[in-house]
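The values are calculated or read from the model by the stated rules, or taken from the named source; none is laboratory data. Keep in mind the model is a prediction, meaning the values are calculated, not measured. Cβ placement follows ideal geometry from the backbone for every residue including glycine, while neighbour counts extend to all protein chains displayed.
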């Protein structure tokens, strides 16, 4: 089902209210580590749609392994470099 822009923005508003700082820090973190190679220095909002999806799925996470599964199975699951994410988690960089 396609969502309208109003629905997407409302969902983003709810996620921002629920997750506060995490909502803002996740896109920056993904942009910095650039797991799918979309960092071109000026498109800092490129990961926001994926963060929406990830945060909605993180409600059920209880461990770093759960978070890793959410991140690697996000909307860019076929593109993400899972070993890079695993290394970053093991170094507490997330």
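Of everything in the range 50-68 that is within 25 Å of residue 3 (Cα to Cα) and without any contact (Cβ under 8 Å) to a residue 12 or more places away in the chain, the residue that is surrounded by the fewest Cβ atoms within 10 Å (Cβ to Cβ) is 60. Take residue 25 and tell me if it is at pLDDT 85 or above, more than 12 Å from the chain's Cα centre (by Cα) and surrounded by fewer than 16 Cβ atoms within 10 Å (Cβ to Cβ). No.
Considering only the range 1-22, state which residues are surrounded by fewer than 10 Cβ atoms within 10 Å (Cβ to Cβ) and either in contact with a strand residue (DSSP E or B) (Cβ under 7 Å, 6 or more places away or on another chain) or at pLDDT 85 or above (or both). Answer for the range 1-22, where residues must be surrounded by fewer than 10 Cβ atoms within 10 Å (Cβ to Cβ) and either in contact with a strand residue (DSSP E or B) (Cβ under 7 Å, 6 or more places away or on another chain) or at pLDDT 85 or above (or both): 4, 5, 6, 17. As an exercise: evaluate residue 47 against (1) at pLDDT below 80; (2) more than 21 Å from residue 13 (Cα to Cα); (3) buried (at least 17 other Cβ atoms within 10 Å of the Cβ) and give the number of the one condition it does not meet. Only one criterion in (1) at pLDDT below 80; (2) more than 21 Å from residue 13 (Cα to Cα); (3) buried (at least 17 other Cβ atoms within 10 Å of the Cβ) is unmet by residue 47, namely (2). For the range 1-32, a residue qualifies if it is touching a helix residue (DSSP H, G or I) at 6+ places or on another chain (Cβ under 8 Å), closer than 19 Å to residue 61 by Cβ and touching a residue at least 40 places away in the same chain (Cβ under 8 Å), and the qualifying residues are 11, 15.
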